[in-house]
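For reference, the structure is listed below as structure tokens.
Coordinate-derived values only; no laboratory data. Bear in mind the structure is a predicted one, so any value in this text is a computation, not a measurement. Neighbour counts run over all protein chains shown; Cβ positions are idealised from the backbone, glycine included.
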Amino acid sequence: MESLNNILFIDIETVPIQPELNLLSEPMQILWGKKSKISKFSTEEELDPSQLFNEKAGIFSEFAKVVCIGLGVLQETGEGNKLRLKAIADRDEKVLLSQFLVILNKFYIQNRDLKFCGHNIKEFDIPFLCRRLVVNELMLPDFMQLQGKKPWEVNHIDTMELWKFGDHKHFTSLALLAEILGIPSPKDDIDGSMVSEVFWNENNLERISRYCMQDVLTSAKVYLKLKGAYNYSIEPLFT
């Protein structure tokens with residue numbers, strides 16, 4: 001089996017940049033109205049832009065921000081294989097992303113063949129992070145500069161892509177994939193649809209961080225199963 005030491009498992013949690021649509025600038029409100037009309041979740045029924053903003057804005061990097069980043073690194077210890085988990089979270093996105101870059105650069109110095117791994121990270125997590133780094137005027141590391149690269153030159157490991165087996169139309173959630181692979185689901189007290197409410201109404205970054213780290217752990221276990229490491233067991237080590 002290929003080396004696992006250079007893999008950085010990752011998951012992000014995002015929320016709308018404001019708790020309500022009317023708190024955006026007038027140009028951004030108009031642009032959201034246009035965005036919501038042409039997006040895939042539009043239906044023949046005319047939906048309220050404010051409701052759509054509350055429910056859907058968190059997945060669009062132009063209208064959302066990162067509030068938590070979960071990271072995991074596999075380590076072999078005398079007590080077995082451990083997945084060292086860490087979550088960084090902050091209400092100030094620029095502060096959060098700056099912390100992320102510090103951690104990332106330290107890991108890259110030790111692992112020049114760094115590979116990100118997670119579920120749907122090629123279409124969501126990595127592009128989202130790159131765009132928000134640009135918005136916050138933070139320099140993208142060289143290994144995150146993807147412009148001009150061909151798809152096969154991007155060496156990120158996406159568990160959803162591995163499960164597709166070439167079927168580009170197929171989408172499978174992390175929860176469903178874990179279930180069919182026999183990976184016990186963590187007993188989270190929230191799910192992805194609740195992150196925005198927990199952030200804006202409860203101001204509870206700790207709950208979001210716990211949820212985020214559980215997703216990182218699940219992604220790591222799914223990856224190992226998909227690579228045929230059926231007898232490779234890992235235990236979480238929260239830091």
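What you get for the chain, charging only the Cβ of Lys and Arg (+1) and of Asp and Glu (-1), is a dipole of about 760 debye around the Cα centre.
Computed per residue of the chain from DSSP H runs no shorter than four, each worth -39500 (n - 2.57), the mean residue ellipticity at 222 nm is -11000 deg cm²/dmol.
Excluding same-chain neighbours fewer than eight residues apart, the lysines reachable from LYS35 by a Cα-Cα span under 21 Å are LYS56, LYS65. Scanning the chain for GluC sites (Glu not before Pro) in DSSP loops with at most 15 neighbouring Cβ atoms within 10 Å leaves 138-239 as the longest stretch between them. Here the 3J(HN,Hα) profile of segment 152-158, calculated from phi with Karplus coefficients 6.51, -1.76 and 1.60 at θ = phi - 60°, is 6, 8, 8, 9, 5, 9, 10 Hz, Gly and Pro shown as x. Bridging of LYS82 to lysines at a Cα separation below 20 Å is possible for LYS106, LYS115, LYS187, LYS221, LYS225, LYS227, once same-chain residues fewer than 8 apart are set aside.
Can you give the percent of C-alpha pairs in segment 198-239 whose distance is more than 13 Å? Distances greater than 13 Å cover 61 percent of the Cα pairs.
Divided by 2.2 N^0.38 Å, where N counts the residues, the Cα radius of gyration of segment 106-166 comes to 1.18.
Counting every pair of alpha carbons in the chain, the share spaced more than 25 Å apart comes to 44 percent.
Restricted to Cα atoms, segment 33-166 shows a radius of gyration and a Dmax of 17.5, 60 angstrom. So what is the relative contact order for the chain, in percent, with contacts set as C-alpha pairs under 8 Å and at least six apart? Computed value for the chain: 29 percent relative contact order.
What does the C-alpha gyration tensor say about the overall shape of segment 161-239? Classify as rounded when a/c is under 1.5, otherwise prolate if a/b is larger than b/c, or oblate. Verdict is oblate for segment 161-239. With an a/c value of 1.5 or above and a/b not larger than b/c for the gyration tensor axes a ≥ b ≥ c computed over the alpha-carbon atoms, segment 113-219 is described as oblate.
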